[in-house]
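Visitor: I have a structure here, written as structure tokens, and I will follow up with some questions on it.
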There are 2 protein chains.
Amino acid sequence: MSGAGENARFDVVGIGNAIVDVLSHETEDFLTRHGMTKGTMALIDTAAADKLYADMGAGIECSGGSAANTIAGLASLGGKGAFIGKVKDDTLGKVFRHDISAIGVHFATDAATDGAPTARCLIHVTPDAERTMNTYLGACVELGPHDVDPSVIRTSKVTYLEGYLWDKEDAKAAFVKAAVLAHEANREVSLSLSDPFCVDRHRDSFLDLVENHVDILFANEDEIKALYQVDSFDDALQHVRGHCKIAALTRSAKGSVVINGDEVHIVDGELVKHVVDTTGAGDAYAAGFLFGYTNGHADDLAHCARLGGIAAAEIISHFGARPETPLNEVVAAKLG
Amino acid sequence: MSGAGENARFDVVGIGNAIVDVLSHETEDFLTRHGMTKGTMALIDTAAADKLYADMGAGIECSGGSAANTIAGLASLGGKGAFIGKVKDDTLGKVFRHDISAIGVHFATDAATDGAPTARCLIHVTPDAERTMNTYLGACVELGPHDVDPSVIRTSKVTYLEGYLWDKEDAKAAFVKAAVLAHEANREVSLSLSDPFCVDRHRDSFLDLVENHVDILFANEDEIKALYQVDSFDDALQHVRGHCKIAALTRSAKGSVVINGDEVHIVDGELVKHVVDTTGAGDAYAAGFLFGYTNGHADDLAHCARLGGIAAAEIISHFGARPETPLNEVVAAKLG
């Protein structure tokens, strides 16, 4: 491992959308009726969010957001995490702040005092446990470079960015500022591609990022194929090799593949008895991987991938994207 | 069955506190440190609620409230339910209204436009799956007799009241108004004792109610013992016999006992592989029982009790007090 891990206050700082999830069980027919593409995330405005909420079933609310889920997972594993993201000072904003602070994550981004309310993600879980998401970004659009605290970035071993940020100019500027600061401080930068549609929206930027700015890339099969516009996972694999320091590619039940130059690890997925809800699986994988990476296992990427798989297995075995059982206990039970 | 079931628009109308639950996993030590009595419900004010929320772990939010959970369960079984309770027109009030409306329950009580916010119940689930609750009643205190719509009571086979209502004078008046209206319309009245401390606070009133106004009483072992101030379940059983038409007494894993004059049924509990969270078990039991009772099985109380046990088993096998799997599907799988 490089000097990236020295004198660090945090293992990972995540920058992402600060969102409260509203999860409901829905039928396949519900997705069809609303013209949704299963397994993806779509951005919706206030009017569409109100209409969809009125039409969806009874929900449960819990804090979400891709990078925030990853940092919550890291904290649950015993890691030291920080989060940068924008809520409003409303009821759901207070819920988001409480939940991430309660697990020991440093979250000091000021809440917006006017403008749109705290973001919501309406998540529809179909009987196959797949989740389909519609996000109302709300106060997230207020996130900008001024919210990126240089001292937090400089003292974090890894700065982790979600691709979803790329959907808004100010957030993108925050993203770039953080990446530059991290590298200036000899830290590492990690990116999650987030969603295949998100990749389609920003392919050129993401290709540039991956080639020139990202040390650790997270992507699932659909996302990495979308990035290189290829039809097979193996084709995507050949493209990504050598384009960033490390790529951790998740393949649902098939486990994950980790590339690091000539080094390749193929790590099987954990056995999950009953998959309830896949929301947050990728976020949890990144949590496990980065926890291992920043806690003494940077030279054992297969172990990092295994930790990612264990964390993801916990998340998909219940409803919601944050751990129900402390992940350090889950790992201890699996690995002793 | 009496004439109570004729020409009804609703199977059951529930009157209760309209509450959003905030559930977190906590240790036994957390309960001790906060001076809580495990398994009970305490009322707290705004300041105490803010302090406790700040100290508790990350939560999930879902609609709750004892009678509301029962009506939600009834709807999930395929029954026709109505609910009367008071939220404020704030974010959590909208969540409560959405969730109960989305499952087809008639909920027409006006939201309060000023005063305290929508009620919250901070629920701490310990590793033994027991729940300990602290309720901030908020807008619930605004519920009064004017909120009881006579046409809804008159067209409901059963009016179901939670004992918790007795904690506020106006809600108590609403409770009494509804009971009188129901009986005048030749309908039946059902009461849940809610909580042993609630019984201690209102023992004389509850004894009078049970003797003179209640057709179907729900109580768990601790509550029925508290009502008659006796130490053994059997002693309580002898006291309650003959004091109301029907008493359905729940005993957690031991199942339930149903008394109807000389008729006694002892119905074993359903086997639950892994109890996750007992929040809402009693509410779900009442849902199953009343669904059976108002849907053709009033002459087969053992069947009603079995339905109660099946509904409770679903609720305690996951986090949260409302069904994750539609209860009609759960019943179909169990009973064919």
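Visitor: Placing a label point 7 Å from Cα toward Cβ, how far apart in nm is residue B:151 from its equivalents in the other copies, listed shortest first to one decimal?
Guide: Spelled out, the distances from residue B:151's label point are 6.4 nm.
Visitor: With the label 7 angstrom out along Cα to Cβ, how close does residue A:108 come to the same site in each of the other copies, in nm, nearest first?
Guide: Spacings between copies for this position, smallest first, are 5.5 nm.
Visitor: Sort out for me the Cα centre separation of region B:306-331 from region B:78-120, rounded to whole Å.
Guide: 22
Visitor: Sticking with this one: Please turn the phi angles of region B:80-86 into ³J(HN,Hα) values with the Karplus equation 6.51 cos²θ - 1.76 cosθ + 1.60 (θ = phi - 60°), one per residue in order, whole Hz, x for glycine and proline.
Guide: Karplus-based 3J(HN,Hα) across region B:80-86 equals 9, x, 10, 9, 10, x, 10 Hz.
Visitor: Along Cα→Cβ at 7 Å, what distances in nm separate the residue B:262 label point from those on the other copies, shortest first?
Guide: 9.2
Visitor: In debye to the nearest 20, how big a dipole does region A:180-266 give about its Cα centre with +1 on each Lys and Arg Cβ and -1 on each Asp and Glu Cβ? Could the numbers behind the result be given before it?
Guide: Working: 8 positive and 16 negative charges, 35 e Å.
Dipole magnitude for region A:180-266 comes out near 160 debye.
Visitor: Among the trypsin sites (Lys or Arg not before Pro) within region A:8-93, which fall in a DSSP loop and have no more than 15 other Cβ atoms within 10 Å of their own Cβ? Mind dumping the intermediate values first?
Guide: Values: sites: A:9, A:33, A:38, A:51, A:80, A:86, A:88; in loops: A:9, A:38, A:80, A:86.
Filter output for region A:8-93: A:9, A:38.
Visitor: Which value, in debye to the nearest 20, describes the size of the charge dipole of the protein assembly as shown about its Cα centre when Lys and Arg Cβ atoms bear +1, Asp and Glu Cβ atoms bear -1, and nothing else is charged? Working shown, then result.
Guide: Working: 56 positive and 98 negative charges, 17 e Å.
The dipole of the protein assembly as shown has a size of about 80 debye.
Visitor: Under the rule of -39500 (n - 2.57) per DSSP H run of 4 or more residues, summed and divided by the residues of chain B, what mean residue ellipticity at 222 nm is obtained, to the nearest 500 deg cm²/dmol? Kindly include the intermediate steps, with their values, before the conclusion.
Guide: Working: 13 runs with 131 residues, N = 336.
The helix-only estimate for chain B comes to -11500 deg cm²/dmol at 222 nm.
Visitor: Further question on the same structure: What do you get for trypsin sites (Lys or Arg not before Pro) in region B:204-279 restricted to DSSP loop and a cutoff of at most 12 other Cβ within 10 Å of the site's Cβ?
Guide: Values: sites: B:225, B:241, B:245, B:251, B:254, B:273; in loops: B:241, B:245, B:251, B:273.
In loop regions of region B:204-279 (DSSP not H, G, I, E or B), the sparsely surrounded trypsin sites (Lys or Arg not before Pro) are B:273.
Visitor: About its Cα centre, what dipole magnitude does region B:250-336 give when the only charges are +1 on Lys and Arg Cβ and -1 on Asp and Glu Cβ, stated in debye to the nearest 20? Before the final figure, lay out the partial values.
Guide: Numbers: 6 positive and 11 negative charges, 46 e Å.
For this selection, approximately 220 debye.
Visitor: Compute the relative contact order of chain B as a whole-number percentage, counting only Cα pairs closer than 8 Å that sit 6 or more residues apart in sequence.
Guide: Working: 762 pairs, mean separation 62.9, N = 336.
Result for chain B is 19 percent.
Visitor: Decide, for region B:113-234, between rounded, prolate and oblate: order the square roots of the alpha carbon gyration tensor eigenvalues as a ≥ b ≥ c, take rounded if a/c falls under 1.5, and otherwise choose prolate if a/b is larger than b/c, else oblate.
Guide: Here region B:113-234 falls in the oblate category.
Visitor: Another question about this same structure. Using just the alpha carbons, could you tell me how many Å³ per residue the convex hull of chain B encloses? Please list the in-between numbers first.
Guide: Details: hull volume 40.2 nm³, N = 336.
Roughly 120 Å³ of hull volume per residue.
Visitor: Which of A:284, A:219, A:75 sits farthest toward the positive end of the charge dipole of chain A, with +1 on the Cβ of Lys and Arg and -1 on the Cβ of Asp and Glu?
Guide: A:75
Visitor: If you keep only loop residues by DSSP, which trypsin sites (Lys or Arg not before Pro) in region A:129-173 have at most 12 other Cβ atoms within 10 Å of their Cβ?
Guide: Working: sites: A:131, A:154, A:157, A:168, A:172; in loops: A:168.
Here no trypsin sites (Lys or Arg not before Pro) fit, given the DSSP loop and packing criteria.
Visitor: So, in region B:169-316, how many Lys pairs have Cα atoms under 24 Å apart, if the pair is 8 or more places apart or on different chains?
Guide: The result is 7.
Visitor: Once every Cα of the protein assembly as shown carries one equal point scatterer and solvent is ignored, give the base-10 log of I(q)/I(0) from the Debye formula at q = 0.07, 0.10, 0.12 Å⁻¹, two decimals.
Guide: Cα-only, vacuum Debye calculation for the protein assembly as shown: -0.48, -0.89, -1.18.
None of the figures in this text is laboratory data; all of them are computed from the coordinates on show. As the structure is a prediction and not an experimental result, all values here were calculated from the model. Note that each Cβ is placed from the backbone with ideal geometry, even for glycine, and that neighbours are counted across all protein chains shown.
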